[in-house]
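Report on the following structure.
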Amino acid sequence: MMTNKNTYRGFTLVELLIAISLIGILTGVLLAVINPRGIQARARDSQRVSDLAKIKVALENYFADNRVYPSNSDSVAGYVDISTFSAVLEGKYINKLSDDPKETGVLCDNANEWRGYAYSTSVNGTSYVLATAMETSSMGNPCSTCTGCNVKSGKGMLYYTTAD
């Protein structure tokens, strides 16, 4: 005996729409948990710390040869962009001075999002401060000496390192 039974295989349109909606919701939740922008900001902050460490080594080598750190006496505010010393440091003490991963302005402006590497030295050239603005507050040393027309702290914290 033969039956005339139709069997359908596959999904209906409604089932497909529900499955796609669930995948979209789960993806949104996953992206919110992972926070890729935060991960990128922390990666750039790590790069800044690494760059300042390299610049610090170059400055220490300069000091070993000259018994004084490069002077920034032409700066009224006390801080200059480290790239000012590219002619002095590059080649002999460092291959190339690094740029901030997200450089957005000049050192002494009114922007709240300044990114770069700032340098200041003492009057007698025996000490210095290297500073940068971090994007996240999870990294960084509070820079109490960075005031006035100098490093602007964007959303994060200022990070600095000094002579040993």
Checklist entry - Can PHE85 be described as surrounded by 10 or more Cβ atoms within 10 Å (Cβ to Cβ), among the aromatic types (Phe, Trp, Tyr), without any contact (Cβ under 8 Å) to a residue 40 or more places away in the chain and closer than 20 Å to ALA133 by Cα? => result yes
Item to check | Selection within the range 38-69 - surrounded by fewer than 19 Cβ atoms within 10 Å (Cβ to Cβ) and of a type in the set (Lys, Arg) | outcome: ARG42, ARG44, LYS54, LYS56, ARG67
Checklist entry - Filter the range 76-96 for residues that are modelled with pLDDT under 85 and in a loop (DSSP other than H, G, I, E, B); which is nearest to the chain's Cα centre (by Cα)? => result TYR79
Checklist entry - Based on what the data block shows, is LYS96 surrounded by fewer than 19 Cβ atoms within 10 Å (Cβ to Cβ) and in contact (Cβ under 8 Å) with a residue 60 or more places away in the chain? => result no
Next on the checklist: Condition check: at pLDDT below 70 and either buried (at least 18 other Cβ atoms within 10 Å of the Cβ) or in a loop (DSSP other than H, G, I, E, B) (or both). Does ASN112 satisfy that?
Outcome noted: yes
Item to check | VAL57 vs. criteria touching a strand residue (DSSP E or B) at 6+ places or on another chain (Cβ under 9 Å), within 18 Å of THR132 (Cα to Cα) and at pLDDT 85 or above | outcome: yes
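A quick yes/no check of all residues on (1) modelled with pLDDT under 90; (2) assigned to a loop (DSSP other than H, G, I, E, B); (3) farther than 30 Å from SER83 by Cα:
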{"residue": "MET1", "(1), (2), (3)": "yes, yes, yes"}
{"residue": "TYR8", "(1), (2), (3)": "yes, yes, yes"}
{"residue": "ILE25", "(1), (2), (3)": "no, no, yes"}
{"residue": "LEU31", "(1), (2), (3)": "yes, no, yes"}
{"residue": "ILE39", "(1), (2), (3)": "yes, no, no"}
{"residue": "ALA64", "(1), (2), (3)": "no, no, no"}
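The values are calculated or read from the model by the stated rules, or taken from the named source; none is laboratory data. Nothing here was measured: the structure is a model prediction, and the numbers come from that model. As a convention, Cβ positions derive from the backbone with ideal geometry for all residues, glycine included, and neighbour counts pool all protein chains shown.
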